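Asks: Would you mind keeping the following structure in view while I ask a few things?
Please treat every number below as a calculation from the coordinates, not as lab data. All values derive from a computational prediction rather than experimental measurement. Ideal geometry is used to build each Cβ from the backbone, glycine not excepted, and the neighbour counts take in all protein chains shown.
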Ligand SMILES: [Zn+2]
């Protein structure tokens, strides 16, 4: 997946006229999808294209219903520059984030807008893959029914705390869900009657992508993202590219060993980072029982300032920091983003976290900024949506015309008008 607004121009230089036009339409759409409303003058400055070319490109995107133009305000002398913005209701993705406790679902519109969010407890045991798939299919139908008339669904993308094989979305292993070799994507596509493209991704990878594109790591090139949950979800971005590894499973950061004699981990080893700092370990460190308390209780304990709670925070911060120091030495990130439980506890754990991270090598430590997730529990939904936005961003004309041909074989133009009328 290409991330952000990079490299379309570079590709265009090496290819024919149609390819140049496709790349330019794509570049303008990426600018407003990732950067929000822009004046035409700003697009001219950002792309290096001339004014009349930008006018033709925005006209094409208006025709497709993907953007709208309105008059800008007059600043100083001369004519105002038109403002171009994404039509969030034109196309959307249905994004899901499955954790051991719940299913989060969102309809995410062009521009990355969360048009609708639902958070639901699992209807049955989370280990029952077929039951979870039925629940997802029901939420898909519910959210599609709420979408604006004429808007187009680009697909369904599911975030799971799991090693996910690409491109078929087979969940190889997810200790926290109890899923092993589960054909999630195949099952969900079938439950939806093969009407929509379906994909799945690792929660840490999708969180990293979201924070890089739209959150706390905007403007960074090298990002380390961790999400505290039942385990630790991790994602690594190296020079603007998501690190995948040979099989797409890179970034399983939770299983570095931080205490060789420590707790047993679901992976079979002992003292893994996630066994020592996952939600259950945090709850125990606070003197609570994981069977009758959850991470929200811990956060409430911190707010009361109890001594036991503060000591729990200190301990957790230290172990989180020890793992981070090792990872920073390997990846030399400029930004380290802490999400999930680590994001919630970040302000209180900061002192011991920083003290432990100080073990990273000096030149590496100096370059890295530790920050709290900006997107919080929405990060996985936003990252998942970007997977399905990739086609329309790369090939706006081809993708929209193909979708319209399927949705309304004889009424492509009237459908575009319907989208524009409702925007
Ligand atoms: Zn482990």
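Asks: On average over all directions, what projected area in square nanometres does region 8-86 have, based on the convex hull of its Cα atoms? Before the final figure, lay out the partial values.
Replies: Working: hull surface 20.7 nm².
Reported value for the Cα convex hull: 5.2 nm².
Asks: With each run of n ≥ 4 DSSP H residues scored as -39500 (n - 2.57), what mean residue ellipticity at 222 nm is computed for the chain after dividing by its residue count and rounding to the nearest 500 deg cm²/dmol?
Replies: Values: 16 runs with 193 residues, N = 423.
Mean residue ellipticity, 222 nm, calculated: -14000 deg cm²/dmol.
Asks: OK, next. From the square roots a ≥ b ≥ c of the eigenvalues of the alpha-carbon gyration tensor of region 345-386, which class results: rounded (a/c under 1.5), prolate (a/b over b/c), or oblate?
Replies: oblate
Asks: Gaussian network model of the chain, Cα springs within a sub-10 Å range: biggest mean-square fluctuation belongs to which of 375, 188, 310?
Replies: Answer for the Gaussian network model of the chain: 310.
Asks: Between residue 195 and residue 71, what is the label-to-label distance in nm when each label sits 7 Å out along the Cα-to-Cβ direction?
Replies: 4.2
Asks: How high is the FRET efficiency between residue 307 and residue 359 when r is their beta carbon distance and R₀ equals 25 Å, given to the nearest 0.05? The partial results should precede the final answer.
Replies: Working: r = 27 Å, r/R0 = 1.06.
The calculated FRET efficiency here is 0.40.
Asks: Another question, then. Which angle from 0 to 90°, rounded to the nearest 10, does the C-alpha axis of helix 129-146 make with the longest principal axis of the chain?
Replies: 40
Asks: Now, a different point. With r defined as the distance between the Cβ atoms of residue 259 and residue 329 and R0 fixed at 25 Å, what FRET efficiency is calculated, to the nearest 0.05?
Replies: For R0 = 25 Å, the calculated efficiency reads 0.85.
Asks: Which percentage, to the nearest 5, of the DSSP beta bridges contained in the chain is antiparallel?
Replies: Values: 37 of 59 bridges.
Beta bridges within the chain, antiparallel portion: roughly 65 percent.
Asks: Can I ask one more? Return 114, 393 ranked ascending by Cβ neighbour count within 10 Å, so the fewest neighbours appear first.
Replies: Numbers: 114 16, 393 23.
With the fewest neighbours first, 114, 393 line up as 114, 393.
Asks: Considering all alpha-carbon pairs of the chain, what whole percent are spaced by more than 38 angstrom? Each step should come with its number before you reach the end.
Replies: Working: 23173 of 89253 pairs.
Value for the chain (Cα pairs over 38 Å): 26 percent.
Asks: In degrees between 0 and 90, to the nearest 10, how far off the longest principal axis of the chain does helix 17-35 point, with axes built from Cα atoms?
Replies: 50
Asks: Output the antiparallel fraction of DSSP beta bridges having both residues in region 138-250, as a percent to the nearest 5.
Replies: If we restrict to bridges inside region 138-250, about 75 percent are antiparallel.
Asks: Sorting 225, 249, 92 on the 10 Å Cβ count, fewest up front, what's the list? Intermediate results must be reported in sequence, preceding the final value.
Replies: On the way: 225 32, 249 17, 92 27.
Least to most surrounded, the residues fall as 249, 92, 225.
Asks: Taking the number of other C-beta atoms within 10 Å as the exposure measure, put 354, 122 in order starting with the fewest. Intermediate results must be reported in sequence, preceding the final value.
Replies: On the way: 354 13, 122 18.
The fewest-first ordering by Cβ neighbours comes to 354, 122.
Asks: Which semi-axes, in whole Å and largest first, does the equivalent ellipsoid of region 216-374 have when worked out from the alpha carbon gyration tensor as the square roots of 5 times its eigenvalues?
Replies: Working: eigenvalues 126, 63, 40 Å².
Each semi-axis is the square root of five times an eigenvalue, giving 25, 18, 14 Å.
Asks: Sticking with this one: Among DSSP beta bridges lying fully in region 216-374, give the percent that are antiparallel, nearest 5. List each step's numbers first, then the result.
Replies: On the way: 10 of 20 bridges.
Roughly 50 percent of the beta bridges in region 216-374 run antiparallel, per DSSP.
Asks: Still on this structure: When a/c is below 1.5 the answer is rounded, else prolate if a/b is larger than b/c, else oblate, so apply that to region 267-322 with a ≥ b ≥ c taken from the square roots of the Cα gyration tensor eigenvalues.
Replies: In terms of gyration-tensor shape, oblate.
Asks: Hey, what angle do you get for helix 295-304 against the long axis of the chain, alpha-carbon based, 0 to 90 degrees rounded to 10?
Replies: The angle comes out at about 70 degrees.
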